[in-house]
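Engineer: Pasting in a structure now, in structure tokens, and then I'll have a few things to ask.
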Amino acid sequence: MRDFAPEDKDIAAEAEEILGVGEVEITEFAHGQRIGVTAGVARISGGGRSAVVKVISPGRAGNTWRGSHDPASYRYWRREADVYLAGLPAAYTEADVVQPSLLRLFERADGRLSLWLRDVPGASGEAWSVERTGRHARRLGRAQGRCAVDDSWVAGEVPWSSGMLREYLDTPDATSADIEWHLLDDRDLWDTPLMKRHFAGALRDDVLRLCHERYDLVELGERLPQTLCHHDAWPKNFLEEADRTVGIDWAFTGSGWIGADIGNYVSDTALDLLRPAEELPALDRTVYESYCAGLGEGGWDGEPEAVRLGMCVMAAKWTWLVPVMLKRAAQDFDHTVYGSQSVDADRLYGERAEVFRLLASWAREARELAPKVFGRRSAVSG
């Protein structure tokens with residue numbers, strides 16, 4: 001079924017209620033295809049007005065469905081609708097981290113939901129400078145600092161996710177369709193020209209160690225102070241409007257550890273070529289320092305080493321990409337990034353190599369920080 005076709009009766013009827021016109025112009029946005037909850041996202045314009053509509057699906061039988069009906073799962077299909085209906089906790093809104101206004105939620109006859117949202121102007125995080133990203137990190141820190149010291153949000157109306165990163169790594173079919181972890185130890189794949197040009201020598205060894213220790217890093221994160229995390233914090237999911245951060249895509253939101261979202265944000269700026277990897281050292285430093293300042297403003301007075309550890313263990317999140325890259329480097333593959341945009345393979349692997357240098361350094365830092373944070377040696381400290 002095509003989503004957002006101009007002749008679609010649901011879109012026409014909904015647009016009539018929201019925009020006052022049934023004749024509309026539809027501009028579809030690129031969106032992740034791996035998790036089948038999102039059926040489509042588009043800007044709908046008509047009568048001099050516009051709104052954004054997101055259609056979410058309960059899923060259908062068959063191998064293509066990778067969402068969940070478990071309210072605790074990060075893939076729970078209704079969570080984003082619940083977040084918009086209930087609103088974000090005051091800890092977020094008072095820290096100037098908000099969501100677009102919900103104009104209307106429609107329950108369609110086929111079981112899907114359509115969320116009509118205010119069309120927020122302005123550029124998303126992929127267009128921000130390092131300094132501007134730091135302002136966002138400070139706001140996020142204020143929100144998450146307050147959520148860390150006041151857990152009243154836990155008992156709210158939204159079925160927040162829990163154990164997100166562990167489940168993310170446990171369910172590779174929800175992350176990518178072609179993850180084959182056994183490929184990590186295939187030396188022939190590491191010796192393909194594309195991999196040898198970008199992931200040879202010490203970097204290869206560091207990346208392999210990171211992959212094999214991914215669950216040890218997750219365990220460290222699970223022992224850190226908990227807060228309310230977005231869990232899909234990357235540049236495209238945040239906009240800035242009137243000195244506020246406007247977040248979108250709240251489908252995965254739930255309990256997570258201090259520093260997790262900023263670790264996600266920094267590491268995911270260059271994986272899909274949104275920002276140049278050469279910015280990573282400055283971005284890493286600025287985001288960490290700004291987030292720590294925000295945590296203090298939110299009332300959290302824990303040790304900065306715990307925050308840094310929470311940021312560093314997020315290196316584990318991207319380990320699934322390694323067997324995927326190995327497999328695709330050995331094939332005549334049309335390399336794409338988010339939204340299926342074709343890109344030059346050497347450019348993509350070169351930028352990702354720099355990201356994995358950062359991730360490997362984070363893993364080393366996590367090994368050093370763990371004994372300081374927890375007072376004894378950890379599973380990855382020696």
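Engineer: Averaged per residue, what accessible surface does the chain expose to a 1.4 Å probe, in Å²? Before the final figure, lay out the partial values.
Structural biologist: Numbers: 15980 Å² over 382 residues.
Per-residue value: 42 Å².
Engineer: Treating only the Cβ atoms of Lys and Arg (+1) and Asp and Glu (-1) as charged, compute the dipole magnitude of the stretch 160-243 about its Cα centre; round to the nearest 20 debye. Mind dumping the intermediate values first?
Structural biologist: Numbers: 9 positive and 19 negative charges, 56 e Å.
Its charge dipole is roughly 260 debye.
Engineer: Something else: Which is the longest part of the chain that has none of the GluC sites (Glu not before Pro) sitting in a DSSP loop with at most 10 other Cβ atoms within 10 Å? Please report the intermediate quantities before stating the final value.
Structural biologist: On the way: sites that count: 7, 157.
The longest such stretch corresponds to 158-382.
Engineer: Per 10 Å bin, what is the whole-percent P(r) computed from every C-alpha pair distance within the stretch 194-318?
Structural biologist: Result returned by the calculation: 12, 39, 37, 11, 2.
Engineer: A further question on this structure: Rounded to a whole number, what % of the accessible area of the chain do carbon and sulfur atoms account for, probe 1.4 Å? It would help to have the intermediate numbers written out before the result.
Structural biologist: Numbers: 7370 of 15980 Å².
Roughly 46 percent, rounded to a whole number.
Engineer: Next question, about the same structure. Report, largest value first, the span of the C-alpha coordinates of the stretch 205-266 along each principal axis, in whole Å.
Structural biologist: If we take the Cα atoms of the stretch 205-266, the spans are 44, 26, 19 Å.
Engineer: Largest first and to the nearest Å, give the Cα extent of the chain along each principal axis.
Structural biologist: 63, 53, 38
Engineer: Ignoring ligands and nucleic acids, what accessible area does residue 195 show with a 1.4 Å probe (Å², nearest 10)?
Structural biologist: Here the accessible area works out near 0 Å².
Engineer: Please list, by residue number, every one of the chymotrypsin sites (Phe, Trp or Tyr not before Pro) in the stretch 262-344 that is coil in DSSP and has at most 16 other beta-carbon atoms within 10 Å. Walk me through the intermediate numbers first.
Structural biologist: Working: sites: 265, 288, 291, 300, 318, 320, 333, 338; in loops: 300, 333, 338.
Within the stretch 262-344, the qualifying chymotrypsin sites (Phe, Trp or Tyr not before Pro) (loop, at most 16 other Cβ atoms within 10 Å) are 333, 338.
The values are calculated or read from the model by the stated rules, or taken from the named source; none is laboratory data. The structure displayed is predicted, hence computed values, not measured ones. So basically every Cβ, Gly included, is an ideal-geometry build from the backbone, and we count neighbours across all protein chains shown. Accessible surface is based on the protein model in full, side chains and every heavy atom, while ligands, DNA and RNA are left aside. Shrake-Rupley method; radii C 1.70, N 1.55, O 1.52, S 1.80 Å.
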